[in-house]
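S.K.: Here you go, one structure.
The values are calculated or read from the model by the stated rules, or taken from the named source; none is laboratory data. Note that the structure is a prediction, hence the values are computed from the model and not measured. Quick reminder, even Gly has a Cβ in these numbers, built from the backbone with ideal geometry, and neighbours come from all protein chains shown.
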Amino acid sequence: MPGGFASWQEVRQSLLLRVALGISLLVIYAAEPFGFNHALMWGVFAVIAVQVVITALGIPRRWPGLPGFNFYVNRLTIVLLLGASGGGSSPFVAVSYMSLVAALIWYNSPRDVLVLVGSHWLALFAGAALAGAAGAAPTWSYCLLHAIGLAVIAYTLSKPLSQLNRHAATDPLTKALNRRGGLEVLETWVAQRQPFALVFIDLKQFKAINDTYGHSVGDEVLVWVVEVCRSNQRSGDLVIRYGGDEFVLAVIGKPGPLVQRLERRLDAGLQTTAGHVSVRANLGVANFPKDGHHLEQLLHLADRHMYAHKGAVTA
């Protein structure tokens, strides 16, 4: 849903956008190129200032619902801004368009697009009504024109942005999350204090498989490892291709017998176009928050446990 927690990258970028918007509006307001309702305009600055301060102080780490709060407060900002500067005829209608495009970058499923367009329509007409209540003549024909424009922009951009986000976060060979996409989700879990376990998987002697059977068979093995992980994952769990022959299975809650089941399944090997191929893997596990409170710490610990397991097997 729009306003739900996407990633810390979203929070950082939204902070920069709000600072830039606040400074730009302050410069325009100081120049007074056209009439403003001063009380409503100061309301705009107050809302932006509160959002900037809350985000900059790191409150999202204690309040995962902040992006949702910001989503709806952003619509309030648009209402106040349009009300302070003439409603549908306001030159600041462009802010509504920019806000929509920025939100579409993160939220672009069909349901999200409907919520985004609907909330912008509501903000647009509410801003015009507020301008009328403040003494300006609301231009409803302009509001209708802008509403159509917002819908067209949302429809045009939602699909390519969705595909772009998916491609940027997905490993093209295995279709698992890539390292960047997986770590963004894990950062969110840490911020939300969601207990989870990281199962680090390293394929042993994968280079020998490539040298013996060829890289096409090596690719079959990598795809198969992801399929094995997915067949053992539960709803909400993540499969991440962390590196060349390294994978991470992120499990919400405790892994239970999953690790042993996964290890047995991987050790059974697979049937490829070149015949049966034996696969061996080292697995290491780290739990949040029991084993650490930072993602880098958990990944390092799972990696250490994996190499300790490798040493024990070798010995």
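S.K.: Search the stretch 269-281 for residues being more than 32 Å from the chain's Cα centre (by Cα) and within 20 Å of PHE200 (Cβ to Cβ), and hand back the single one that is surrounded by the most Cβ atoms within 10 Å (Cβ to Cβ).
M.R.: So the first thing to find is which residues in the stretch 269-281 are more than 32 Å from the chain's Cα centre (by Cα), and the list is 269-280.
So of that shortlist, the ones also within 20 Å of PHE200 (Cβ to Cβ) come out as 279-280.
Details: VAL279: 19, ARG280: 15.
Among residues in the stretch 269-281 that are more than 32 Å from the chain's Cα centre (by Cα) and within 20 Å of PHE200 (Cβ to Cβ), the one surrounded by the most Cβ atoms within 10 Å (Cβ to Cβ) is VAL279.
S.K.: Only one of these is within 20 Å of LEU299 (Cβ to Cβ), of a type in the set (Asp, Glu) and either in the same structural domain as GLU263 (by TED's automatic domain parsing) or at pLDDT 95 or above (or both): ASP219, ASP202. Name it.
M.R.: Details: ASP219 fails: within 20 Å of LEU299 (Cβ to Cβ).
None of the others qualify; the one that does is ASP202.
S.K.: Within the stretch 282-298, work out how many residues are of a type in the set (S, T, N, Q) and either over 30 Å from the mean Cα position of the chain (by Cα) or crowded, with 18+ Cβ neighbours inside 10 Å (or both).
M.R.: Filtering the stretch 282-298 down to residues of a type in the set (S, T, N, Q) leaves 282, 287, 297.
Of the ones still in play, those that are also either over 30 Å from the mean Cα position of the chain (by Cα) or crowded, with 18+ Cβ neighbours inside 10 Å (or both) are 282, 287.
So the count comes out to 2.
S.K.: Going by what's in this entry, would LEU298 be described as within 15 Å of PRO195 (Cβ to Cβ) and assigned to a helix (DSSP H, G or I)? Full working, then the answer.
M.R.: Values: within 15 Å of PRO195 (Cβ to Cβ): yes; assigned to a helix (DSSP H, G or I): yes.
Against the criterion (within 15 Å of PRO195 (Cβ to Cβ) and assigned to a helix (DSSP H, G or I)), LEU298 qualifies.
S.K.: Could you look through the stretch 235-252, keep only residues that are out of contact with any strand residue (DSSP E or B) (no Cβ under 7 Å at 6 or more places or on another chain) and not hydroxyl-bearing (Ser, Thr, Tyr), and pick out the one that is nearest to PHE288 (Cα to Cα)? Steps first, please.
M.R.: The initial filter retains those residues of the stretch 235-252 that are out of contact with any strand residue (DSSP E or B) (no Cβ under 7 Å at 6 or more places or on another chain), namely 235, 243-244.
Going one step further and asking which of them are not hydroxyl-bearing (Ser, Thr, Tyr), we end up with 243-244.
Values: GLY243: 22, GLY244: 25 Å.
Going through the qualifying residues, I end up with GLY243.
S.K.: Look at the stretch 96-114 and say how many of its residues are over 15 Å from ALA147 (Cβ atoms) and either assigned to a helix (DSSP H, G or I) or of a type in the set (A, V, I, L, M, F, W, C) (or both). Reasoning before the result, please.
M.R.: Keep residues of the stretch 96-114 that are over 15 Å from ALA147 (Cβ atoms), which gives 98, 101-112.
With either assigned to a helix (DSSP H, G or I) or of a type in the set (A, V, I, L, M, F, W, C) (or both) added as a condition, the list becomes 98, 101-106, 110-112.
The qualifying residues number 10.
S.K.: Name the single residue that is surrounded by the fewest Cβ atoms within 10 Å (Cβ to Cβ) among those in the stretch 91-114 being in contact (Cβ under 8 Å) with a residue 40 or more places away in the chain and either among the polar types (S, T, N, Q) or not assigned by TED's automatic domain parsing to the domain that holds GLN163 (or both).
M.R.: Looking at residues that are in contact (Cβ under 8 Å) with a residue 40 or more places away in the chain and either among the polar types (S, T, N, Q) or not assigned by TED's automatic domain parsing to the domain that holds GLN163 (or both), I get SER109.
S.K.: Applying the selection to the stretch 4-34, what residues are modelled with pLDDT under 75 and closer than 22 Å to LEU82 by Cα?
M.R.: In the first step, residues of the stretch 4-34 are kept if they are modelled with pLDDT under 75; the result is 4-14, 32-34.
Result: SER14, GLU32, PRO33, PHE34.
S.K.: Test GLN51 against the stated conditions and say whether it is at pLDDT 80 or above, assigned to a helix (DSSP H, G or I) and surrounded by 13 or more Cβ atoms within 10 Å (Cβ to Cβ). Quick ask: steps written out before the conclusion?
M.R.: Details: at pLDDT 80 or above: yes; assigned to a helix (DSSP H, G or I): yes; surrounded by 13 or more Cβ atoms within 10 Å (Cβ to Cβ): yes.
Answer is yes for this residue.
S.K.: Let me ask something additional. Got a number for residues in the stretch 271-285 being in contact (Cβ under 8 Å) with a residue 60 or more places away in the chain and β-branched (Val, Ile, Thr)? First the steps, then the outcome.
M.R.: Looking only at the stretch 271-285, we keep the residues that are in contact (Cβ under 8 Å) with a residue 60 or more places away in the chain, and these are 274, 277, 279-285.
Still in the list and also β-branched (Val, Ile, Thr): 277, 279, 285.
Of the residues in the stretch 271-285, 3 are in contact (Cβ under 8 Å) with a residue 60 or more places away in the chain and β-branched (Val, Ile, Thr).
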